[in-house]
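Worksheet for the structure shown next.
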Amino acid sequence: MLRFTVERLIGMVVTMALVSLMVFIIMEIPPGDYADRYAFRKYSGTGISVTAADVQAIRVDLGLDRPMLIRYFDWIGGIVLRGDFGQAFAFETSVNKVIGDKVWLTSGILFATLILTYLISIPIGIYAAVRRGSAVDYGLTVFSYLGLALPNFLLALVMLYFANRWFGSDIGGLFSAPYRDAPWSLPRVWDMLKHLWLPAVVLAWSAVAYQIQTVRATMSDELNKLSVTAARARGVPEGRLLLKYPARLAINPIVSTIGFDVNRIFSELPIVAVVLGLTELGQLLLRAYLDLDMNVAGAILLILTFAIVFMNFLSDILLAWLDPRIKLGA
Amino acid sequence: MSRLLSVENLTISFRTDEGTITPVQDVTFAVDKGRTLGLVGESGSGKSVSTKALMRLLPRTASLGADTKMHYTAKDGQVMRIETLSDRSREIRALRGGEMGMIFQEPMASFSPVYTIGNQIIEAIRLHRPMSKREARAFAIDMLDKVGISNAGARIDQYAHELSGGMRQRAMIAVALSAGPALLIADEPTTALDVTIQAQVLDLMRDLQRELGMGMIFITHDLGVIAQVADDVAVMYLGSIVERGPARDVIRAPKHPYTQGLLAALPSLDTLSKRLTPIPGEIPSPNARPSGCPFHTRCAQKIAGLCDRKIPREVVPEPGRAVRCWLYDENGRAVA
Ligand SMILES: Nc1ncnc2c1ncn2[C@@H]1O[C@H](COP(=O)(O)OP(=O)(O)O)[C@@H](O)[C@H]1O
Ligand code: SF4
Ligand SMILES: [Mg+2]
């Protein structure tokens, strides 16, 4: 297991390095560079005419005249060594300031959604498989079809309506008014959690519907395995038997798609965020693109891809732990 | 000799999409302590479901007939009425593994691929013996050694797919025996193995059964295997037992036309030169059981107008033998 983990860890680092290089190249694609935009912003409307030499001076000053590879290492070095994502152009402050809070909020929503999805779909899928053909099982199947058919934003609107009626008007956004700009504190976290469940439920909805069916199908297969009958024939109590033998393998397909789930949540988040009045990374990314603020856009892209690569790593490790054949084959 | 298990009128039905089927009907047999009953019959005759019923391992869609009686005398002398036990009772869990052990045809599939062999043996031991983890592990290694697995101390931490077919089946035997059952049910344990390995595993099972004084039900579709391992034999055809008796007597002088047919189809040294005579016709499907004697569609000696109409009763043509065939039931024929 140790060897497998180390191998996957190396794989993850290599992937992240390649991904960061790709992100850097994407940052370089728009015409002009930071110096052009900096000069334009600083001197436009002041009546001072900017010469090419001025821009070049800024460029040298900021080190932008160096070869691309050097600048890449400069950029990624700052991120890895100092957690410094550089300067945000449009906001005249550091990238860290611009994205800081939103990183935490987005990861909060992300993890809440993942945990909610798995916490609901795994036990229910297992239960449905064990009680296959019962009324409960049929009920869950109907729910699954409904869940898959309902668009996220519609669900978000409906939930928002009911949440407003039941929990007061302050349910949109991620904070109640008193905490919106307050510094982090325990009550502020609690306030955030109270708001977090709504986007998490909306984002988890279709995933739950889908994953229940996945777990149910694999669990049904696993239940019919001879090894399960053999374990029953040596007197293993039923509850322990279900967890130890079929359930352990039934969650494999879920674990192996954690990376996909993260990706899906990121891409569904912006529209849900608009409806629920949240500002998260996705929207910021869009705005940064429009402003050609490539340092901000690059930082967000990098964080998103790193998160997906890391979750894939996690899912590999979990999978190998659940099914030792995987690491033996590797 | 004392009775270990007696099964009377075992009838098993399944609810299916096409309606109810009854692949086992009125099956009666017994196993004595320390003796081996060979259960023989073609594939689909109901051998596996009959023995699964003994351990209450049938799926939810199965139901037992109202007259079914399965009485088992436990190691402490108490008689368990298996048909009345509830699926989740403590009694049934003690019975499974602790009183009856089961070995299956596919040793690979019998093991979970995600736990080591040791994990699964130690689980069985600790469910039925008051042992600590450490004691159970030592016991498991002894058991693997006993079934002829070399280097048991290392093998115990391997997975089933790391062993050869024969070794896997030996390991499965170790799992079943480690819980100390008084009755071992072996469902075609050698069918999936290479011929040379088959003989070794067969020898091993016979030796262990004698050494431990266990009762055994040995399922096979091969009468030749019965001759090697069984004291008694029950011949099954389409969900009914058509003949039972001491294995040697039945093989030497079969009474039921089906048993006679099976023996004629068996290759042996003196028949190698001659052509084997397989039983003509196909085994009917269990959901289209013929009326009357189930074998009448293939029987050369059938009595027209009787065999295809009325189910023969089990009669005792001579002490110790039992057969379900109108040929041996003169009184019945007279009445019918
Ligand atoms: N779960 C089940 N549902 C419906 N029918 C079954 C089921 N299991 C077994 N049967 C029926 O019982 C018959 C006997 O099966 P089995 O006991 O496995 O035969 P054998 O072991 O003698 O080859 C099969 O032909 C099949 O029709
Ligand atoms: S009862 Fe009739 S059909 Fe059945 S085996 Fe005997 S002779 Fe043949
Ligand atoms: Mg069978």
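Sequence neighbours fewer than 8 away in the same chain don't count; with that in mind, list the aspartates and glutamates whose C-alpha is under 19 Å from B:LYS310. Qualifying aspartates and glutamates at Cα under 19 Å: B:ASP26, B:GLU243, B:ASP329, B:GLU330. Sort out for me the Cα centre separation of the stretch A:88-156 from the stretch A:274-330, rounded to whole Å. Cα centroid to Cα centroid, the span is 15 Å. Note on A:ARG264 and A:LEU148: their simple-model spin labels are 1.1 nm apart, each label 7 Å out from Cα toward Cβ.
Think of the stretch B:113-175 as having a plus end and a minus end, set by charges on the Cβ of Lys, Arg, Asp and Glu; of B:ILE149, B:HIS128, B:ALA174, B:HIS128 sits farthest toward the positive end of this dipole. The ratio of the alpha-carbon radius of gyration of the stretch B:7-160 to the globular-protein estimate 2.2 N^0.38 Å is 1.20. Along Cα→Cβ, 7 Å out, is where each label goes; now give me the distance between the ones at A:VAL50 and A:GLU7 in nm to one decimal. The answer from the label model is 5.3 nm. The base-10 log of I(q)/I(0) for chain B, evaluated at q = 0.13, 0.14 Å⁻¹, reads -1.02, -1.16 [Debye formula, identical scatterers on Cα atoms, solvent excluded].
Working from the Cα coordinates of the protein assembly as shown, the gyration tensor eigenvalues give, after taking √(5λ), semi-axes of 72, 28, 22 Å in decreasing order. Each peptide in B:11-24, B:210-223, B:143-156 gets a packing score, the mean of other Cβ atoms within 10 Å over its residues, and the list from highest to lowest is B:210-223, B:143-156, B:11-24. For the stretch A:44-139, the alpha-carbon radius of gyration amounts to 2.08 times the rule-of-thumb value 2.2 N^0.38 Å expected for a compact globular protein. Every Cα-Cα pair in chain A was counted, and those over 28 Å apart are 56% of them. When the Cα positions of B:PRO113, A:ILE271, A:LEU242 are compared along the charge dipole of the protein assembly as shown, A:LEU242 comes out farthest toward the positive end, with charges on each C-beta of Lys, Arg, Asp and Glu. Students often get this wrong: which residues of the stretch B:29-66 have the backbone nitrogen under 18 Å from the point 7 angstrom along Cα-to-C-beta of B:ASN9? In the stretch B:29-66, the label zone of B:ASN9 (backbone N under 18 Å from the point 7 Å along Cα→Cβ) covers B:29-30, B:54, B:63-66. Mean partner shielding of peptide B:283-292, defined as the number of other chain Cβ atoms within 10 Å of each residue Cβ, is 0. Placing +1 on the Cβ of every Lys and Arg and -1 on the Cβ of every Asp and Glu, with nothing else charged, gives the stretch B:113-175 a dipole about its Cα centre of roughly 120 debye. Extension gain for B:ASP194-B:GLU318 works out to 40.7 nm (0.36 nm per residue, less the C-alpha to C-alpha distance). For the stretch A:97-291, the spread of Cα coordinates along the three principal axes comes to 63, 35, 32 Å, biggest extent given first. Among A:LEU154, A:LEU301, A:LEU186, the largest mean-square fluctuation in a Gaussian network model of chain A, built with springs joining Cα atoms closer than 10 Å, belongs to A:LEU186.
When all alpha carbon pairs of the stretch B:146-236 are counted in 5 Å bins from zero, the resulting P(r) reads 3, 12, 26, 24, 19, 11, 3, 2, 0 %. Averaging Cα coordinates gives a centre for the stretch A:28-65 and one for the stretch B:297-336; these two points are 108 Å apart.
Taking Cα centre as origin and charging only the Cβ of basic (Lys, Arg, +1) and acidic (Asp, Glu, -1) residues, the dipole magnitude of the stretch A:97-291 rounds to 640 debye. Model label sites at B:ALA154 and B:ALA304, defined 7 Å from Cα along the beta-carbon direction, differ in position by 7.1 nm. Past 22 Å, Cα to Cα, is the threshold; run A:LYS102/A:LYS194; B:LYS33/B:LYS75; A:LYS225/B:LYS146; B:LYS33/B:LYS69; B:LYS52/B:LYS255; B:LYS33/B:LYS133 against it and keep the listed order. From A:LYS102/A:LYS194; B:LYS33/B:LYS75; A:LYS225/B:LYS146; B:LYS33/B:LYS69; B:LYS52/B:LYS255; B:LYS33/B:LYS133, over 22 Å: A:LYS225/B:LYS146; B:LYS52/B:LYS255; B:LYS33/B:LYS133. With coordinates expressed along the principal axes, the C-alpha atoms belonging to the stretch B:199-336 extend over 49, 36, 30 Å, beginning with the largest.
The numbers here are math on the coordinates, done by the rules we state, and not lab data. Note that the structure is a prediction, hence the values are computed from the model and not measured. Cβ sites come from the backbone with ideal geometry, for glycine too, and all protein chains shown count toward neighbours.
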